[in-house]
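Written out below as structure tokens is the structure these notes cover.
The values are calculated or read from the model by the stated rules, or taken from the named source; none is laboratory data. Keep in mind that this is a model prediction, so the values were computed, not measured. Quick reminder, even Gly has a Cβ in these numbers, built from the backbone with ideal geometry, and neighbours come from all protein chains shown. Please note that ligands, DNA and RNA were not included when accessible areas were found on the heavy atoms of the full protein model with its side chains. Shrake-Rupley method; radii C 1.70, N 1.55, O 1.52, S 1.80 Å.
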Amino acid sequence: MKDRADVAAFSLEALKKAGLEKSECTLRYARRDELNLDSGEISLLRTTDDVSLAMTGIVNDSEGSISINKTDRESISDAAARTLEMAVSSEPDAANDISPNQPVREFEKGPEAPDLDLMYERMRGFLEFTREKYPSLILEQVILDFTRVSKYYMNSNGVDLRSRRGWYSFTPMFTSKEGRETSSFNYAGVSMSDLAEDLRKCGTIDTLMSQSTEQVRSMEFSGKFMGDIIITPDCLDDFIQLTCMYLSDYPMIKGTSIFRDSLDSRIADPCLTIRCMPLSEKMASTYFLTDDGFAAENSTIIEKGILKSFLLSLYGSNKTGKARALNSGGAFVVEPGEQSLEDIVSSVKRGVMLCRFSGGMPSEGGDFSGVAKNSYYIEDGRIRYPVKEIMISGNIRSLLMNIRGVSRESVNFGYSILPWVRAGEVAVFGK
Amino acid sequence: MIPVDLADYTGSFSEYTELRVQENRSLNVSLVNGDVMSNSVSTVSGVSARTCSSGFWGFASSPLIDDESIRGVIAASTRNSRFLSSREKRDGSPLPSRPGSCSIDFSTGKPRLSQKDIIRFMKDIDAMIRDRYGRIASRTLSLQLLDMEKSLVTSDGSSGYTMIPRSILYVSMSTERDGEPVQLMDVHGGRGQFEDVFSGSEELGSKLEELYGQLMRKAEGVHPETGIKECILDADLAGILSHEAIGHTTEADIVRGGSVAGDYIDMQVASSLVTLVDFASEALGETCPVPVYMDDEGTVAEDAVIIEDGILRRFLHNKESAAFFRATPTGNARAYRFSDEPIIRMRNTAILPGKSKLEDMIGSVDDGYYLMKPSNGQADSTSEFMFGVVQGYEIKKGRLGRAIRDTTISGVAFDMLKTVTAVSDDMKWSCSGMCGKKQAIPVGMGGPAVKCMMNIGGK
């Protein structure tokens, strides 16, 4: 086959020939160059090529899917035959479907190839910076990579969507140690379109490393109180993900989601607005195609506290009778508020600056609890000291309703843009 | 079936090199309230090479498994390691070598079932739940099968072939209490292909009955009191404790990254009742859930005794960390996909059984909790850990009381292990574990019940 689009077209034709009434295929080529630093030393350069071909077919409302990572004609034809076998083995479900006809679209974003020499220079610069500025900090593992992905989606309704994306990601993980005193490990992640900036200046990396060095002297806390938490941008993504979990296919189809009847109702304080912005130009690693065969669009999940959208796939939408999400989630942007971070901190009588949360899976009812990691005790409007071995617990629903402030400062991680958020009525307890 | 013999390519090695061809085959069928929500299979295969040049590593992989690709990844990997060695200087001391060979195949000898048979098995279980249990608001079944087939050859003389399958069925039931959903899940299966692990849907009948009974009790349950409590951790929780809170802190790369375990070698870190082992392929006369005979660096695998009678004895190593710590590698370097490089991983980690009876241990607690099933777990370089707990009971005056709702427990492992006052004489393995350190990979976790002090997160 001459080019990659021909492979996708051949796959779709193979599904049709196999006898599937409705069919779709997603062909994804990925190449990744990854520079690794382990235990404080540059250690590994890794280059991986991969391809995945996902083929789905529907016959008499029964669906089967197969995924392979080969693109020769024989492998594709075999996979198409197996897809039919999978579909006829399954049970009919009228909710099984493929996306309807849409205009042919092609998207591009980011560089096509990495600058390996510059990757090395940036990594070496980062290593020298941390050795000099933070001598007690150990870089446990640091990964700087460049990923380029070409994706082709085609289906039997005539949909033909293509995208090519390229971006750098940087993920340092570190711990500080002075004698036998050890901090909790911490990590950061950022994505970017180029390496114009020193890596230490990306996202909150320098702040987190600085905090790490003081966290070797974290203090225990005894007792229990109901107070505020200020969720940092590094930690906020986790809480948004937890919230979105209740808006997605499984709990919505099962009928157990705590927000299943809350569309267009207030589920959060009016100061909270959360958007999914996969088309944002401000972020480096976003996406153009949804998992269910649509061109992605930006969407609003919560607008001034009102739930505006579930995160349902085409199948989830058909199953529940509720609207399909305009995208596949992620790429979160939380609208900044009007208060400065300084004012938010000064308004807290007693609470915790929650910098990382190590929590159990929340219950279906929304209860969550876990350990506040790399976090700080706040009293009378001042950050007092780093804490260890303290837990927090609450409920997602009450947490959202008790949001008391959103900072005007935000951090662009390249995959989300997030501010600091203050929430009240959270139980905090130490030993 | 992937090519087994890679010996022809050793002539292309110019540095220390590992060459691996691998195929992962997976099947996923999910039913939600009787509807087939997922019905998919996946086959991912390819070739990778990892090369060490003057102490620097190069890695390359390709999904194509032909002569050109195999030679191509060897060349690309060598190029990558030399890219680094031409720019950085490091003491490239020789890597320790414990070469060997193996050929292990856990494929079933029975006729393979069709996809239709497998879906029928799932539908039958779903129907049992629907027909027998009136107070179920929703039910979810998920079957996940994985075959990992690998061929390996290394420049220091190792060669091996393994096919290690795993078949896991997750059964989840939800009910409602005061309009709020309450859920409980159970996991069945383990090492082996579907035909060797499941003989029929009816065999699960008693386990479904038990899950339903536990769910009904949980629905009437209470939130636990917060604070430090005397607890009995059942086998599943002791297993995740062994893996997350202790095992990870003793992985040599984590130790080099600052783990507190680095300061504790040959020191008392636990009650003398605690011996903790990372088993390679056999434990107490049985094949482990995730048997490893040779790791992905070609090291012949053997058990690693991490804690012996409460004393921290060793870390877990790959070849590079073994050279750094002047230790012997025990076969802990593992990779999940063909495109993953081997990193230090646990295999089957468990506290060894003790001499106490579980009933006596429960009977000895005046006011505490019997904690049975975890959801997820995380740990820290400080050995501070957190586990979600989804099933447990109060213990009042030596007797089990009310069920508890979902909660979280936490502690510092090397403190908490010193509070262990009893270890039960039985042993259970959890076979469904997936460890998420950089790459996901199947692991076994297990243990007896353990009596200790634990910090409970309530409401």
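Here the protein assembly as shown is treated as a Stokes sphere of Kirkwood radius computed over C-alpha pairs; at 37 °C and 0.692 mPa s its diffusion coefficient rounds to 116 µm²/s.
Look at the stretch A:134-145: the mean tally of other chain Cβ atoms within 10 Å of its residues' Cβ atoms is 2.
Can you tell me the dipole magnitude for chain B around its Cα centre, using point charges on the Cβ only (Lys, Arg +1; Asp, Glu -1), in Debye to the nearest 20?
Numbers: 50 positive and 63 negative charges, 120 e Å.
It comes to approximately 580 debye.
In terms of overall dimensions, the C-alpha atoms belonging to chain B reach 67, 56, 38 Å along their principal axes, ordered largest to smallest. Just flag the trypsin sites (Lys or Arg not before Pro) in the range A:149-236 sitting in loop per DSSP whose Cβ has no more than 16 other Cβ atoms within 10 Å. Within the range A:149-236, the qualifying trypsin sites (Lys or Arg not before Pro) (loop, at most 16 other Cβ atoms within 10 Å) are A:180.
In straight-distance terms, cross-link reach from residue B:110 covers every one of the lysines whose alpha-carbon lies under 26 Å from its own, apart from those fewer than eight places away in the same chain; here that gives B:123, B:150, B:207. Note on the range A:4-217: Lys pairs 8 or more places apart or on different chains, Cα atoms under 25 Å apart, count 12.
Counting Cβ atoms of other protein chains within 10 Å of each residue's Cβ and taking the mean over peptide A:172-181 gives 3. Taking every residue in A:367-374 and counting other chain Cβ atoms within 10 Å of its Cβ, the average works out to 6. When Rg is the radius of gyration of the Cα atoms in the range A:224-429 and Rh is its Kirkwood radius, what does Rg/Rh come to? Result: Rg/Rh = 0.98. Would you list, by chain and number, the lysines whose Cα falls below 19 Å from the Cα of residue B:397, excluding same-chain residues fewer than 8 positions away? Counting by Cα, and skipping residues close in sequence, residue B:397 has these lysines nearby: B:229, B:357, B:451. Only Cα sites of the range B:233-352 enter the Debye sum here, all with the same form factor; the resulting log10 I(q)/I(0) across q = 0.09, 0.21 1/Å is -0.22, -1.24, listed in q order.
If one computes P(r) from the Cα atoms of the range B:7-219, what percent of pairs lie at distances over 26 Å?
Values: 12070 of 22578 pairs.
Tail of P(r) above 26 Å: 53 percent of Cα pairs.
Every Cα-Cα pair in the range A:1-158 was counted, and those over 27 Å apart are 45% of them.
Over its Cα atoms, what ratio of radius of gyration to 2.2 N^0.38 Å does chain A give?
Numbers: Rg = 23.9 Å, N = 431, 2.2 N^0.38 = 22.1 Å.
Dividing the Cα Rg of chain A by 2.2 N^0.38 Å gives 1.08.
Over all other residues within a Cβ to Cβ distance under 10 Å of residue B:227, the charged ones net out to +2, with Lys and Arg as +1 and Asp and Glu as -1. In the complete set of protein chains, residue-level accessible area for residue A:204 is approximately 10 Å², probe 1.4 angstrom. Across the options A:183, A:37, A:204, the greatest Cα extent toward the positive end of the charge dipole of the range A:4-217 (unit charges at beta carbon of Lys, Arg, Asp, Glu) belongs to A:204.
Packing order of peptides B:23-31, B:165-173, B:230-238, highest average first: B:230-238, B:165-173, B:23-31 (average count of other Cβ atoms within 10 Å over each peptide's residues).
Length available on full extension from residue B:367 to residue B:426: 0.36 nm per residue minus the Cα-Cα distance, which gives 18.9 nm. Hey, how much of the P(r) for the range A:299-407 falls beyond 19 Å, as a percent of Cα pairs? Counting pairs separated by more than 19 Å, the tail of P(r) holds 61 percent.
Relative protection proxy for B:194-201, A:24-31, from highest mean packing down: A:24-31, B:194-201 (other beta-carbon atoms within 10 angstrom).
At q = 0.09, 0.15, 0.16 Å⁻¹ the log10 of I(q)/I(0) for the range B:227-457 amounts to -0.34, -0.93, -1.05, computed by Debye summation with a single uniform scatterer per C-alpha, solvent ignored. The number of Lys pairs in the range A:224-429 with C-alpha atoms less than 18 Å apart, excluding pairs fewer than 8 positions apart on the same chain, is 7.
Stretching residue B:402 away from residue B:453 to a fully extended chain increases their span by 16.4 nm, per 0.36 nm per residue minus the current alpha-carbon distance. Build a GNM of chain A with springs between Cα atoms under 10 Å apart, and of A:116, A:247, A:236 the one that fluctuates most is A:116. Hydrodynamic analysis of the range B:267-326 uses the Kirkwood radius over alpha carbon pairs. Inserted into Stokes-Einstein at 37 °C and 0.692 mPa s, it gives a translational diffusion coefficient of 258 µm²/s. Each of the peptides B:339-351, A:79-91 was scored by the mean count of other Cβ atoms within 10 Å over its residues; in descending order, highest first, they stand as B:339-351, A:79-91. Considering only Cα atoms, the convex hull volume of the range B:104-192 works out to 123 Å³ per residue.
Farthest towards the positive end of the charge dipole of the range B:7-219, among the residues B:205, B:40, B:74, is the Cα of B:74, using unit charges on the Cβ of Lys, Arg, Asp and Glu.
The alpha-carbon of residue B:418 sits under 16 angstrom from the alpha-carbons of these aspartates and glutamates, leaving out residues fewer than 8 places away in its chain: B:230, B:266, B:308, B:309, B:384. Here the translational diffusion coefficient of the range B:320-397 follows from Stokes-Einstein with Rh set to the Kirkwood radius across Cα pairs; for 4 °C and 1.567 mPa s it amounts to 77 µm²/s.
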